[in-house]
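Encoded as structure tokens, the structure appears first; notes follow it.
The values are calculated or read from the model by the stated rules, or taken from the named source; none is laboratory data. All values reported here derive from a predicted model rather than from experimental measurement. Here the Cβ positions follow ideal geometry from the backbone for every residue, glycine too, while neighbour counts run over all protein chains shown.
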Amino acid sequence: MSATREDVGGTPLPPGWAQPAHQPDAFEISTTTFEQRATETMARPFARRAIANATDHAAALTTARFVGIDHDALRDKARQIRAHAIANLPDYLDQWIDAAEAHGTIVHYAADESEARRIVAQICRDEAVTRVVKSKSMASEEVSLNSALEAIGIDIYETDLGEFVVQAMGDRPGHVIAPILHRTKDEVHALFSTMAGRELPNEAEALTAFARDRLRHAFLTADAGISGGNFLIAETGEVLLVTNEGNGRLTTALPKIHIALVGIEKIVPRRRDLAVLLPLLTGHGTGQQITTYVTMVAGPRREQEPDGPERMHVVLLDAGRSALLGGEFEEALHCIRCGACQNVCPVYRQVGGHAYGWVYGGPIGAVLTPLFRGQVEGGELAHATTLCGACDDVCPVKIPLHDLLLGLRRRRDEEGCVPRSEQLAFALWGQVWSRPLLYRASTAVARGSLRVIARDGVLSAKAPLLRRWTAGRDLVVGRRRS
Amino acid sequence: MTDRASFLAAIRSTPRGSDPGLLDRSVAPDAPTQLRDGEHRADRLQAEAESVSTVVHRVVATEVGATVVGVLVAAGAQRIALTEDLAPFADAVREAATTAGLSVVGYAEAASKRAQAGALDATVTGCLAAVAATGSIVTAASGAGRAGALIAPNHVCVVRDDQIVDGLHELFDGDVLAEAGSIFALQSGPSRSADIEKVLILGVHGPGNAHVVIVAPD
Ligand code: SF4
């Protein structure tokens, strides 16, 4: 097998092209504070500009996409679908498992992150897998899957263009659907030129062609494809994947084994519900009408079919999800990971995804991180927001992110995790980060400017949404730094 | 190892959140994927497909072979594969392609070795359905295979007028998908990425050149 690997088309990458994957629990969130991480991004003006441009662009496209239709009614329907699915999660999972097994899918159960790593590594050992192509999966980021596979000697190729860059740089994705939002073309150009061993043209087209060629070789030689899943369809036992590049489909088509790692909350009852959810996922995600490639997978290749894997494994991932059921934060499970709340969040737009320190950024990251990682590591994120409410207004499934964030703040205060001074500091940062001008003013260390900020803070704190944010007002008064 | 019973039991042991009920079947999802009253399906398919950079050709049945091969020759394709679902037009396409000096194989044969499939310049497929409101073509594992529509840099899909459905809910609700096999798949235009500074690039992993040939009813 490996003897013929090199001459199948596409160009192999040299060994060592990728940076080692991060280890489980080596997330920045364990070792640094939000302030430190945010400061890092803010110190790269280009990254900030790139993030703001890209998020503006996405938000404008989303708005344009839904002109002339009853967008709000559509979001209500989406919310109903998600709320119903989550309220009946065990029943729908049961139904999904029966249907999936009926068409030959092998289903595995991962109660937590380490079990997910063990299961996928074991599948790879059992199936004699030594090379893997991956299509983008946030669940695999959550469980640090790559490190577990590298540990048993598997070559991994992230095939989403952005994730490929992330892997080669040893970076982390900066946005849930646009992983290299924070990177510039020049950075990609320098990286790919080094990988190619020659100066490539500094144009997006040539850089993409380089990645296509190298990854084509990986697709044609990989033993297994690993994907996430955007939805699980209970009535049919299908896993749905969306990608614009086509790498998701190829991941399920070319290698002899397909493994999908999917969070249990991805369940939806019926195919017909996709007629509501897909246009919202795409419209809010990228502003497209529909993602270029939508693929519904129901098990391995069947007789008479020309291509496809011999076996399909699905690993259902709990890892903190079921603990949210029936509680104050259950609605966080309604999220369809469109990324829209990041795009409109004034804090995210200034500090970027890495500041959130774990896998998810923006308002949904500030909610999920403390819920999944615990208060000690993630709790401070509940303060990394201005509570402006823009995320509530944009969320396609109407998750009350603002209320969830307030709830998390309250919980953190009740648990006594947070010194008052930290709250105060966050409140000021929230104000400052959300406004580039104020940020600049603050770095100019102009005492007068800071007073302006303070006044601004007080004024905006009178807005109804911010009234509950009393810490903000205290801060403004109490922190006239002199 | 967690098994099915203990995995589900852990989830069942949690309190139940409030349930707004299943979305009523009678509620038409007024997604942006509806046709306007009286709108012509093939026209809408063409408009939507073109809006995502698909090149659309409107032909009558007897023109399919020449149209498809015209596209392939213009793209400089040499090695082409035809998928099973092209059936009613396969002979015409094969004949025209052979006449034009192209090398033609069945996709199942090409796909039996990944390297062979990876070396194709173009694939020509039929489809299971096409979705007017989103400009999508729908392929099935049992017809075009999983990778038939996106393994090569050029893809031509032949759509019969009677295969076009209005929108997504008609597609998902109908029985058109019953025969799909292990996957069904929508594709709407060429493969794309805007990962590098939001510059739209076509042809990342799938085709950069996608054509739809809509065949008018007799
Ligand atoms: S919380 Fe809402 S807006 Fe944010 S990613 Fe999830 S679905 Fe999208």
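Observations on the structure shown:
For (1) surrounded by fewer than 24 Cβ atoms within 10 Å (Cβ to Cβ); (2) more than 28 Å from B:Leu35 (Cβ to Cβ); (3) in contact (Cβ under 8 Å) with a residue 60 or more places away in the chain, each residue gets a yes or a no:
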site: B:Tyr107; (1), (2), (3): no, yes, no
site: B:Arg114; (1), (2), (3): yes, yes, no
site: B:Ala132; (1), (2), (3): no, no, yes
site: B:Asn154; (1), (2), (3): yes, yes, yes
site: B:Val176; (1), (2), (3): yes, no, no
site: B:Gly189; (1), (2), (3): no, no, yes
site: B:Ser193; (1), (2), (3): no, yes, no
site: B:Glu197; (1), (2), (3): yes, yes, no
site: B:His205; (1), (2), (3): no, yes, no
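- Test: residue in region A:224-239 that is closer than 25 Å to A:His175 by Cβ and touching a Pro at 6+ places or on another chain (Cβ under 7 Å): yes
One line per residue, one yes/no per condition, for (1) at pLDDT below 95; (2) farther than 26 Å from A:Thr208 by Cβ:
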{"position": "A:Thr286", "(1), (2)": "yes, no"}
{"position": "A:Thr292", "(1), (2)": "no, no"}
{"position": "A:Glu305", "(1), (2)": "no, yes"}
{"position": "A:Met312", "(1), (2)": "no, yes"}
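- For region B:171-182, a residue qualifies if it is more than 19 Å from A:Thr243 (Cβ to Cβ) and either at the interface with chain A (Cβ under 7 Å from one of its Cβ atoms) or charged (D, E, K, R) (or both), and the qualifying residues are B:Phe172, B:Asp173, B:Asp175, B:Glu179, B:Gly181.
- Which numbered condition B:Ala185 misses (of (1) buried (at least 24 other Cβ atoms within 10 Å of the Cβ); (2) at the interface with chain A (Cβ under 8 Å from one of its Cβ atoms); (3) hydrophobic (A, V, I, L, M, F, W, C); (4) in a loop (DSSP other than H, G, I, E, B)): (4)
- Single residue of A:Gly68, A:Gly9, A:Gly16 found to be within 7 Å of chain B (Cβ to nearest Cβ) and either at positive phi or exposed (fewer than 12 other Cβ atoms within 10 Å of the Cβ) (or both): A:Gly9
- Odd one out for A:Leu405 among (1) closer than 21 Å to A:Arg321 by Cα; (2) modelled with pLDDT under 90; (3) buried (at least 19 other Cβ atoms within 10 Å of the Cβ): (2)
- Applying a threshold of 7 Å to beta carbon distances and a minimum spacing of six or more residues, or different chains, the list of pairs starting in region A:62-85 at a residue that is among the hydroxyl-bearing types (Ser, Thr, Tyr) and ending at one that is modelled with pLDDT of 85 or more reads A:Thr62/A:Gly283; A:Thr62/A:His284; A:Thr62/A:Gly287; A:Thr62/A:Ala340.
- Selection of helices (runs of 4 or more DSSP H) fully inside region A:361-415 by the criterion of at least 3 residues being more than 10 Å from the ligand (Cβ to nearest atom) returns A:362-373, A:375-378, A:401-414.
- The criterion of at least 3 residues that are farther than 19 Å from B:Gly148 by Cβ and within 14 Å of another protein chain (Cβ to nearest Cβ) is met by none of the helices (runs of 4 or more DSSP H) wholly inside region B:53-117.
- So A:Asp213, is it more than 8 Å from every other protein chain (Cβ to nearest Cβ), charged (D, E, K, R), more than 26 Å from A:Tyr356 (Cβ to Cβ) and assigned to a helix (DSSP H, G or I): yes
- Only helices (runs of 4 or more DSSP H) whose full extent lies in region A:109-157 are considered here, and the ones with at least 3 residues that are farther than 15 Å from A:Ala18 by Cβ are A:113-126, A:138-142.
- Residues satisfying the criterion are absent from region A:308-317 (criterion: out of contact with any Pro (no Cβ under 7 Å at 6 or more places or on another chain), among the acidic types (Asp, Glu) and away from the ligand (no atom under 16 Å from the Cβ)).
- Residue within region A:76-91 that is aliphatic (A, V, I, L, M), out of contact with any strand residue (DSSP E or B) (no Cβ under 9 Å at 6 or more places or on another chain) and within 7 Å of chain B (Cβ to nearest Cβ) present: yes
- Those residues of region B:188-218 which are within 7 Å of chain A (Cβ to nearest Cβ) and of a type in the set (A, V, I, L, M, F, W, C), in sequence order: B:Ile196, B:Val199, B:Ile201, B:Val204
- Which listed residue is over 29 Å from B:Met1 (Cβ atoms), within 13 Å of the ligand (Cβ to nearest atom) and not small (Gly, Ala, Ser), from A:Thr286, A:Thr292: A:Thr286
- Residues that are of a type in the set (A, V, I, L, M, F, W, C), touching a helix residue (DSSP H, G or I) at 6+ places or on another chain (Cβ under 8 Å) and part of a loop (DSSP other than H, G, I, E, B) within region B:165-182 comprise just one, B:Leu177.
- Residues that are touching a helix residue (DSSP H, G or I) at 6+ places or on another chain (Cβ under 9 Å) and of a type in the set (Ser, Thr, Tyr), drawn from region A:22-62: A:Ser30, A:Thr32, A:Thr33, A:Thr39, A:Thr41, A:Thr55, A:Thr62
- Residues of region A:335-349 that turn out to be within 14 Å of another protein chain (Cβ to nearest Cβ) and more than 7 Å from the ligand (Cβ to nearest atom), as a count: 1
- Failed criterion for A:Lys256 (all others in (1) in contact with a helix residue (DSSP H, G or I) (Cβ under 8 Å, 6 or more places away or on another chain); (2) more than 14 Å from the ligand (Cβ to nearest atom) hold): (1)
- Criterion: farther than 30 Å from A:Arg216 by Cα, under 24 Å from the mean Cα position of the chain (by Cα) and either modelled with pLDDT of 85 or more or of a type outside the set (D, E, K, R) (or both) - qualifying residue of A:Ala59, A:Ala21: A:Ala59
- The condition of being more than 22 Å from A:Ala99 (Cα to Cα) and either of a type in the set (D, E, K, R) or assigned by TED's automatic domain parsing to the domain that holds A:Pro90 (or both) holds for only one of A:Pro269, A:Pro300, A:Pro306, that being A:Pro306.
- Annotation: of all residues in region A:165-189 being within 20 Å of A:Phe219 (Cβ to Cβ) and more than 9 Å from every other protein chain (Cβ to nearest Cβ), the one that is surrounded by the fewest Cβ atoms within 10 Å (Cβ to Cβ) is A:Ala168.
- Between B:Val215, B:Val159, the distinction of being under 24 Å from B:Val60 (Cβ atoms) and under 15 Å from the mean Cα position of the chain (by Cα) belongs to B:Val159 only.
- Boolean, B:His155 is touching a Lys or Arg at 6+ places or on another chain (Cβ under 7 Å), within 11 Å of chain A (Cβ to nearest Cβ) and not aliphatic (A, V, I, L, M): no
- Screening region A:267-282 for residues that are of a type outside the set (Val, Ile, Thr) and within 7 Å of another protein chain (Cβ to nearest Cβ) and picking the one that is surrounded by the fewest Cβ atoms within 10 Å (Cβ to Cβ) gives A:Pro269.
- When A:Glu127, A:Glu101, A:Glu115 are screened for being within 13 Å of chain B (Cβ to nearest Cβ) and either crowded, with 21+ Cβ neighbours inside 10 Å or over 24 Å from the mean Cα position of the chain (by Cα) (or both), only A:Glu101 passes.
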